[in-house]
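Following: one structure in structure tokens, then a few remarks.
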Amino acid sequence: MGKLRAAQYACSLLGHALQKHGASPELQKQIRELESHLSLGRKLLRLGNSADALESAKRAVHLSDVVLRFCITVSHLNRALYFACDNVLWAGKSGLAPRVDQEKWAQRSFRYYLFSLIMNLSRDAYEIRLLMEQESSACSRRLKGSGGGAPGGIENAGPGGPGTPGGGLPHLALKLQLRVLLLARILRGHPPLLLDVVRNACDLFIPLDKLGLWRCGPGIVGLCGLVSSILSILTLICPWLRLKP
């Protein structure tokens, strides 16, 4: 499934590149047809995914953390609805239900997909916040144990501190820099979380473009879809890179 998705978005990216460089209309048409066939094949293979997403939602209901429980459950429910709409689209494109309004069901499908990604990114942000708080607390305990005072000394109202005229902006800049460094350390130390953030962020461009909320163009959509697909394949090859629960 991941390989088909990667091939589909690779075709989308290739088609955009061919159009931009003035390739022959016949070649562009062949690439578009190949992309369409790959899309239809993916829809066929995803016929049972709604049931899988519902089962995942039922398991997520029992998580002890209320925020994770909400984000993961709602994400899986939206994925189930997204796959259900995808099944209707497949029935329409395959000729089983020729009267299906393709545009209407495609818009519904991408709306559910967008809501699912928003929940995934919210879950990622929550996990990052928890890890940053844990790291900050551990750093504070280490500094107190060594008699170093407050972390980095940024809370002290010394010269150039927040209590000094004109010192507010440098203080805020220092705090922001420390937070960014802490975020980078957290993501570097937790590869599954980093991959999940990048994958969800890449996927987000797809429904945003399809729904007309943020027009990115076929080139950006193809590139983001390809990167996301490669990361998904990577998590299948290396299961330890998959974010849990």
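Note on the chain: dipole from Cβ charges, positive end direction compared against 28, 87, 10; the farthest Cα belongs to 87. Mean separation of Cα pairs under 8 Å and 6 or more residues apart, divided by the residue count, gives the range 1-50 a relative contact order of 51 percent. One decimal place: the segment residue 169-residue 59 gains 34.9 nm when fully extended, by the rule 0.36 nm per residue minus the C-alpha distance. The charge dipole of the chain, taken about the Cα centre with unit charges on the Cβ atoms of Lys, Arg (+1) and Asp, Glu (-1), comes to about 200 debye, rounded to the nearest 20. The Cys residues in the chain with no partner Cys Cβ within less than 4.7 Å of their Cβ are 11, 71, 85, 139, 216, 238. Per residue, the average separation of C-alpha pairs within less than 8 Å and at least 6 apart gives the chain a relative contact order of 23 percent. Largest accessible area first, the residues 205, 115 order themselves as 115, 205 under a 1.4 Å probe with ligands, DNA and RNA left out. When you filter the trypsin sites (Lys or Arg not before Pro) in the range 27-128 for DSSP loop state and at most 13 other Cβ atoms inside 10 Å of their Cβ, you are left with 99. Along each principal axis, taking the top coordinate minus the bottom one, the Cα set of the chain gives 73, 49, 33 Å in descending order. Within the accessible surface of the chain, defined with a 1.4 Å probe on protein heavy atoms only, the carbon and sulfur portion equals 64 percent.
Only DSSP H runs of four or more residues enter the estimate; each adds -39500 (n - 2.57), and after division by the residues of the chain the mean residue ellipticity at 222 nm equals -27000 deg cm²/dmol.
Note on the range 12-158: Kirkwood radius taken over Cα pairs, Stokes-Einstein applied at 25 °C and 0.890 mPa s, translational D equal to 126 µm² s⁻¹. If you add up the charges near residue 74, with Lys and Arg at +1 and Asp and Glu at -1, over every other residue whose beta carbon is less than 15 angstrom from its beta carbon, what do you get? Around residue 74, the surrounding residues sum to +4. Per residue, the solvent-accessible area of the chain (1.4 Å probe, heavy atoms of protein chains only, all protein chains present) comes to 58 Å². Of the residues 109, 122, the one with the largest accessible area comes first in the ranking 122, 109, computed with a 1.4 Å probe on protein heavy atoms.
The values are calculated or read from the model by the stated rules, or taken from the named source; none is laboratory data. Fair warning: this is a prediction, and the values are worked out from it, not measured in the lab. Virtual Cβ from ideal backbone geometry, glycine too; neighbours counted across all protein chains shown. Quick note on the areas: whole protein, heavy atoms, side chains included, nothing else; ligands and nucleic acids left out. Shrake-Rupley method; radii C 1.70, N 1.55, O 1.52, S 1.80 Å.
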